[in-house]
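Asks: Shown below is the structure under consideration.
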Amino acid sequence: MTETPIKSYHGSCLCQQVRFSITGFRGTVGNCHCTMCRKFHGAAFATLVNVEGLTWLSGLEQLKDFVAPNGTIRTFCSHCGSSIGFRSKDASLDEIEMAIATFDEDLPVNVDVQIY
């Protein structure tokens, strides 16, 4: 019997020092229009996706966090400033919602939630 290979999706920051792969998606994909997400991403909204099977391939030491007054965490590359993702208060790095723009390819997901 032949095993079906697991599809993986890869992403990186702008300078490509931070690189990661995932094996899938879970939950919803959302556009967040809150003030903090707009400022963090420099855009009208941030599109975030919940991921499964996250593996940091390189640049973990480049990751820095901004903890907002409400306790939410926004993670970015300290070298190029790329927005990497969002975490709820006290969530671990393994629970990050990835910024969809960090992926190196189009993803087989659709935005299903507009928040704030």
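Asks: Quick check: anything in the range 77-95 surrounded by 15 or more Cβ atoms within 10 Å (Cβ to Cβ), over 21 Å from I115 (Cα atoms) and modelled with pLDDT under 95?
Replies: yes
Asks: In addition: Within the range 54-74, is there a residue that is closer than 14 Å to I115 by Cβ and free of Cβ contacts under 8 Å to residues at least 24 places away in the same chain?
Replies: No, the range 54-74 has no match at all.
Asks: I've got another one for you. Take the residues of the range 1-18 that are crowded, with 18+ Cβ neighbours inside 10 Å and within 15 Å of E97 (Cα to Cα): which is farthest from the chain's Cα centre (by Cα)?
Replies: Y9
Asks: Among the residues of the range 24-34, is there at least one that is surrounded by 17 or more Cβ atoms within 10 Å (Cβ to Cβ), of a type outside the set (S, T, Y), free of Cβ contacts under 8 Å to residues at least 40 places away in the same chain and part of a strand (DSSP E or B)?
Replies: Scanning the range 24-34, I find no residue that is surrounded by 17 or more Cβ atoms within 10 Å (Cβ to Cβ), of a type outside the set (S, T, Y), free of Cβ contacts under 8 Å to residues at least 40 places away in the same chain and part of a strand (DSSP E or B), so the answer is no.
Asks: Right, something else. Please work out which residue is farthest from A101 (Cα to Cα), limiting yourself to the range 20-56 and to residues that are among the aliphatic types (A, V, I, L, M) and within 14 Å of the chain's Cα centre (by Cα).
Replies: My answer is L54.
Asks: If we only count strands (runs of 3 or more DSSP E) wholly inside the range 66-116, which ones have 2 or more residues that are within 18 Å of G27 (Cβ to Cβ) and within 10 Å of the chain's Cα centre (by Cα)?
Replies: Because the criterion is at least 2 residues that are within 18 Å of G27 (Cβ to Cβ) and within 10 Å of the chain's Cα centre (by Cα), the strands (runs of 3 or more DSSP E) in the range 66-116 that meet it are 83-87, 97-99.
Asks: So, one more: Could you check F40 against (1) closer than 21 Å to D112 by Cβ; (2) in contact (Cβ under 8 Å) with a residue 24 or more places away in the chain; (3) surrounded by 13 or more Cβ atoms within 10 Å (Cβ to Cβ) and say which number it fails?
Replies: It fails just one condition, (1).
Asks: Does L57 fit the bill of being at pLDDT 95 or above, closer than 15 Å to F86 by Cα and assigned to a strand (DSSP E or B)?
Replies: No; evaluated as a whole, the condition is false for this residue.
The values are calculated or read from the model by the stated rules, or taken from the named source; none is laboratory data. Treat the numbers as computed from the prediction; the structure is a model and nothing was measured. Cβ atoms come from the backbone with ideal geometry, glycine included; neighbour counts cover every protein chain shown.
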